[in-house]
Amino acid sequence: MSLLSVQAFFAQRAPNIKVIVTEASSATVPLAAAAHGVEPDQIAKSICLRAGEETMIVVMASTSRLDNKKFRSRFGTKPRMLGGEEVVEITGHPVGGVCPFGLASPLSVYCDISLKRFDEVVPAAGATNSAVRIDPVQLVELTGAVWIDVAQDVVAASEISSL
């Protein structure tokens, strides 16, 4: 059902974007990167959170980590991760296939600026073996998302070696 809701979402809103279904699971970042031939950072993870009374999806580069201080500054409270059963109930998507497309319930969607450094990202698409290739700007447009900065600052490998 979840995969079908995502396919229907794209058929209606962006028929040029095709949902890619792979034989192998792409439920983890390494599996997804290998399945789609991209760098791990290009996998866009969707995190289902609650901030006070607001339930939301935050989409960010997969190797980025949520910065609790930045999140609290933006939303006025610390984030609370939803449990797996609650995620499925609210989004309609299984853990490993959670995405901001074809949601079972209306949710606020936020995209972290960690996605802006890519021309194309690969978020899941409603199943543990499905994804889409999409420009982050189009992802924001299609989902009505808001750009935010809640990821920990990334230090490039070249900067680490000089420390």
- For the chain, what proportion of DSSP beta bridges, expressed in % and rounded to the nearest 5, is antiparallel? 60
- Per the 1/(1 + (r/R0)^6) rule, R0 = 35 Å and r from the Cβ atoms of ALA8 and PHE118, FRET efficiency to 0.05 is 0.85
- Query: Residues of segment 32-53 with amide nitrogen under 15 Å from the 7 Å Cα-to-Cβ point of THR63?
  - Reply: 32-34, 37-45
- Task: Consider just the alpha-carbon atoms of segment 69-162 and return their Rg together with their Dmax, both in angstrom.
- Result: 15.0, 48
- Highest first, please rank the peptides 78-85, 59-66 by the mean number of other Cβ atoms sitting within 10 Å of their residues. 59-66, 78-85
- Item | Percent carbon-and-sulfur accessible area, the chain, ignoring ligands, DNA and RNA, probe 1.4 Å | 53
- Item | aspartates and glutamates whose Cα lies under 12 Å from that of LYS116, excluding same-chain neighbours fewer than 8 positions away | ASP41, ASP135, ASP149
- Task: Using +1 at the Cβ of each Lys and Arg and -1 at the Cβ of each Asp and Glu in segment 4-153, identify which of SER73, PRO94, ALA8 lies farthest towards the dipole's positive end.
- Result: SER73
- Tail weight of P(r) past 16 Å, computed on alpha-carbon pairs of segment 95-149, percent: 41
- Taking K and R as +1 and D and E as -1, what net charge do the other residues with C-beta under 9 Å from the C-beta of GLU120 add up to? -1
- Task: Please work out the average accessible area per residue across the chain, using the 1.4 Å probe convention, and give it in Å².
- Result: 52
- Message: Is there a quick way to get the dipole size of the chain? I mean about its Cα centre, with the Cβ of Lys and Arg at +1 and of Asp and Glu at -1; what is the value in debye to the nearest 20?
- Response: 260
- Query: Dipole of segment 40-130, Cα-centred, from +1 at each Lys and Arg C-beta and -1 at each Asp and Glu C-beta, to the nearest 20 debye?
  - Reply: 480
- Query: Any idea which of ALA34, GLY84, ALA61 is furthest toward the positive side of the dipole for segment 1-106, if Lys and Arg beta-carbons carry +1 and Asp and Glu beta-carbons -1?
  - Reply: ALA61
- Query: What translational diffusion coefficient, in µm²/s and rounded to a whole number, does the Stokes-Einstein relation yield for the chain at 10 °C and a viscosity of 1.306 mPa s, taking the hydrodynamic radius as the Kirkwood radius over Cα pairs?
  - Reply: 100
- Task: Please give the net charge around VAL38, taking every other residue with its beta carbon less than 14 angstrom from that of VAL38, where Lys and Arg add +1 and Asp and Glu add -1.
- Result: -2
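The values are calculated or read from the model by the stated rules, or taken from the named source; none is laboratory data. No experiment lies behind these values; they were computed from the predicted model shown. With ideal geometry, Cβ positions are generated from the backbone for all residues, glycine too; neighbour counts draw on all protein chains shown. Calculation scope for accessible area: heavy atoms of the full protein, side chains included, ligands and nucleic acids excluded. Shrake-Rupley method; radii C 1.70, N 1.55, O 1.52, S 1.80 Å.
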